[in-house]
Amino acid sequence: MRSIFGAIGLFIMAYVLSGDIFAQPSASQAAAERHARALAGFVESGDRAEYAKFVQANFGADMLKGPMQRHLNFLSILNDQTRGYEIGLVQDWNANEVVLQVRSKLTGVWDGLLVRVEPQAPYKITGIGLRPAKGPAAEAKKLSTREIAAELEAFSKKVADADVFSGAVLLAKDGQVIYKGAFGMANKDFNVPNRVDTKFNLGSMNKMFTGVAIAQLVEKGKLSYDDLLSKFIPDFPNPDAAKKIQIKHLLTHTAGLGGYFTEKYDAMSRARIRTVDDMMKLAREDEKDIRFEPGSKWQYSNTGMMVLGKVIEIVSGQSYFDYVRENIYKPAGMTNTDAYELDKVNTNLAVGYDKRFTDSGVEWGNNIFAHVMRGGPQGGGYSTVEDLLKFDQALRSGKLVSPATFKLIRTPKPELNSPQYGYGFGYDAERNVTGHSGGFPGISSNLDMYLGNGWTAIVMSNYSRGSGPLSQKMERLVASAN
């Protein structure tokens, strides 16, 4: 889901404010435009040394608090994914900021390059980022499914040949595959190519399975969304919080819990983390203090979903892994999906790769020692594009939960301060799309379920940020369908 989890995963440090379009820009807006055009020029050249000078001379004090490598990576990622910009018109003037239309020379996609500056001279830069662009309306045209398939294949090959994408892609209408294909390498060491049935890391997409599992148990009368966490885990490290946190808070990332990718996690052996109980140990110290009152705020939380995995085990009497295999994967026909233990022999799994940018060039690294030994309720399992289509169809057909329950879990919960997220599913109101994405170094996957027209767009990549261009392309192709 693009709107919640940031498919590109870039260093975004500004947000668009509503405002009028001014006939004549103010001095600060004119400065913001100059900086935006200069930044677009650096994206074209990719010159890290000159950009470092630009950063030192033109960025505000707060922007300069971060390491220079962060700014240089922002430039290098944009240069790599776009191969430079064609500069268009100013899209928006807002207070002390500008959004400049820029078009990727690699993909032809329009973006909005945002630059915000100080309100007073010398107008130092206080924020930069990317925003959705309003591309020229003349480009829109209607396509047949055959034309859509041909265009998607050509685009996939183009970004794969540029080494921006490695993975598998699938686009379907009403459950019927319009196009599927695989590109790049599953293992660079041994030159093993990706296949359509290659298993890629899901990242956070496992949260959908956890949401469905809880919903099934609710349908069976074994628990309620309003149940308190203390009912199931009375020895939770913060007993007072457990008496406030409800199941629905954990499902919506509004429980006040955090994450477990901490320095302690980085320092420990991954081989020790194989069961939900092992994972729960990571949360014991981290969750002694909740970050806010449950239901008062939205904050993405891997720990919250991990805790739900333990609730599923207690209520069902099965391990989390056995429960989802028997009650989700098996009825959906998902034969290539599981949370595999990565120090065992697992066939046809893609290795994740991260492109690292340095002053001397690009270095590739894998994520073998960076990610979990075994995924769980919060993420890190494996699947294929074909299995995710089966999951999509099983949800739509009522095979996993009733239609009413599926509607409930995919619907945002603004009453819990979760305006774009339901029970394990994100929701994009503009497109009427539900689903989830997953990202980590060497992991980039996304499922978009179009609720109004029956389209399903799936991309799984073993490159950092790899799914973004394909997800955006399929979004445009779906919009162009006859």
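The residues of the chain expose, per residue, 41 Å² of accessible area to a 1.4 Å probe.
Rolling a 1.4 Å probe over the protein heavy atoms leaves Lys53 with an accessible area of roughly 130 Å².
Computed from the C-beta positions of Lys281 and Arg146 and an R0 of 60 Å, the FRET efficiency is 0.65 to the nearest 0.05. Ranking Trp364, Trp110 by solvent-accessible area of protein heavy atoms (1.4 Å probe, all protein chains present), from largest to smallest, gives Trp364, Trp110.
Quick one: grab the alpha carbon gyration tensor of region 305-344, order the square roots of its eigenvalues as a ≥ b ≥ c, and give me rounded if a/c is under 1.5, else prolate or oblate depending on whether a/b is larger than b/c. Cα axes put region 305-344 in the oblate bin. Apolar share of the accessible surface for region 331-449: 53 percent from carbon plus sulfur atoms, 1.4 Å probe. The shape of region 382-482 comes out rounded: with a ≥ b ≥ c from the C-alpha gyration tensor, a/c is under 1.5. Using a cut-off of 24 Å between Cα atoms, the listed pairs Lys173/Lys473; Lys105/Lys199; Lys158/Lys199; Lys199/Lys413; Lys173/Lys413 include Lys105/Lys199; Lys199/Lys413; Lys173/Lys413 as exceeding that distance.
Ranking Arg70, Arg465 by solvent-accessible area of protein heavy atoms (1.4 Å probe, all protein chains present), from largest to smallest, gives Arg70, Arg465. Sparse packing (at most 13 other Cβ atoms within 10 Å of the Cβ) combined with a DSSP loop state is found for the following chymotrypsin sites (Phe, Trp or Tyr not before Pro) in region 154-255: Phe190.
Estimated from helical segments only, the mean residue ellipticity of the chain at 222 nm is -10000 deg cm²/dmol, where each DSSP H run of four or more residues counts as -39500 (n - 2.57).
With a simple spin-label model that places each label point 7 Å from the Cα along the Cα-to-Cβ direction, the separation between Ala61 and Lys222 comes to 5.8 nm.
In loop segments of region 347-430 as defined by DSSP, the GluC sites (Glu not before Pro) with at most 13 further C-beta atoms inside 10 Å of their C-beta are Glu430. By accessible area, using a 1.4 Å probe on protein heavy atoms only, region 88-246 has 52% of its surface on carbon and sulfur. State whether the chain is rounded, prolate or oblate according to the following rule on the C-alpha gyration tensor (a ≥ b ≥ c being the square roots of its eigenvalues): a/c under 1.5 gives rounded; otherwise a/b larger than b/c gives prolate, and the remaining case gives oblate. Prolate. Taking a straight line from the alpha carbon of Lys248, these aspartates and glutamates sit under 12 Å away, with near neighbours fewer than eight places off in the same chain left out: Asp226, Asp227, Glu415. Note on region 70-189: Cα convex hull, mean projected area over all directions, 10.6 nm². Multiplying the residue separation of Asn346 and Ile314 by 0.36 nm and removing their Cα-Cα distance gives an extension gain of 8.7 nm. With a Förster radius of 56 Å applied to the C-beta separation of Arg195 and Lys243, the computed FRET efficiency comes to 0.65. Per-residue accessible area (protein heavy atoms, 1.4 Å probe) orders Thr335, Thr252 as Thr335, Thr252, starting from the largest. Amide H to amide H distances under 5 Å link Gly422 with Tyr427, where only residues 5 or more positions off or on other chains count and H is placed in the peptide plane.
The values are calculated or read from the model by the stated rules, or taken from the named source; none is laboratory data. In this text, all values refer to a predicted model and were calculated from it rather than measured experimentally. No Cβ is skipped: glycine too gets one built from the backbone with ideal geometry, and neighbour counts run over all protein chains shown. Note: accessible area is taken over every heavy atom of the protein model, side chains too, but ligands, DNA and RNA are not part of it. Shrake-Rupley method; radii C 1.70, N 1.55, O 1.52, S 1.80 Å.
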